[in-house]
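A short reminder: the numbers here are calculations on the coordinates, not readings from a lab. This structure is a prediction, so every number in the text was calculated from the model and none was measured. Positions of Cβ are generated from backbone atoms using ideal geometry, with glycine treated the same way; all protein chains shown enter the neighbour counts.
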Amino acid sequence: MSYRYSRNIGTRAIWALIIANFAVFLATLIAPQAIDLLAVGRTTIARHPWTIFTSLFVHAGWFHIFGNMYMLWFYGDSLERIIGEWKFLALYFVGGLIGNAAFILIAPPEASAIGASGAVFTIGGALAMIRPRIKVIIFPIPIPMDLWISVIITAVVLGILPALSQYTSVGWQAHLGGLATGLAYGWYFRRWERRRGIYR
């Protein structure tokens, strides 16, 4: 199965998520003090329980939000067409919440996290399990590769390598929690397809 270069620009659920993320991002540019009330962390979750959800819509800068939203579109466009809009949204948020829970449990108590990365890694992991042979190109490697390889490279760069450094500001705990959720769902979905005689 080859990568579709003539993809549509996106589907409804993806655009709704992108618009919501940019709306919150612009709001925090106007009122940056709100970030403290939206970010999730072990020392604040008891006082601000909503942050396990709201932190998924907050980003630290233009590069952060553009990177996450591009990855959401890149992986999500194909996945939403395969599993459907509502399952896609449910997986996105469940993966994001599990990623945040992993951050709360593993990260230092004083650390806090923002960003949709955990949810985005969920989408990438699920697609890599469901359609691992889709051909993609990831910058700066100009060679088409299987999707599952690109997900591993991204996980290593944004998950494993930051975990080896005590000075990183990357919430790798949320990344790996989200990725594990996506891989588990993708494995389940592949089994569901095979039981119904669907092979890709």
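Observations
- Förster-model FRET efficiency, 25 Å R0, A60 and Y188, C-beta, rounded to 0.05: 0.15
- The ranking of T43, T122, T154, T181 by Cβ neighbour count inside 10 Å, starting from the fewest, reads T43, T154, T181, T122.
- For D146, net neighbour charge (Lys/Arg +1, Asp/Glu -1) across residues whose Cβ lies under 12 Å away: +3
- Label-to-label distance, nm, for residues given as W86 and V156 (7 Å Cα→Cβ offset): 4.0
- Measuring max minus min along each principal axis, the C-alpha atoms of region 83-136 give extents of 40, 24, 15 Å (largest first).
- Cβ-based exposure ranking for H48, H59, in which fewest neighbours within 10 Å come first: H48, H59
- Helix runs (DSSP H) in the chain reaching 15 Å along axis by Cα, Kyte-Doolittle at least -0.5: 12-30, 62-83, 85-106, 117-130
- With Cα atoms as the point set, the radius of gyration and Dmax of region 1-155 evaluate to 16.0, 48 Å.
- For the chain, adding -39500 (n - 2.57) for each run of n ≥ 4 DSSP H residues and dividing by the number of residues yields -19000 deg cm²/dmol at 222 nm.
- Subtracting the Cα-Cα distance of A23 and R195 from 0.36 nm times their residue separation leaves 57.8 nm of extension gain.
- Estimated FRET transfer efficiency (A31, L105; beta-carbon r; R0 35 Å; 0.05): 0.70
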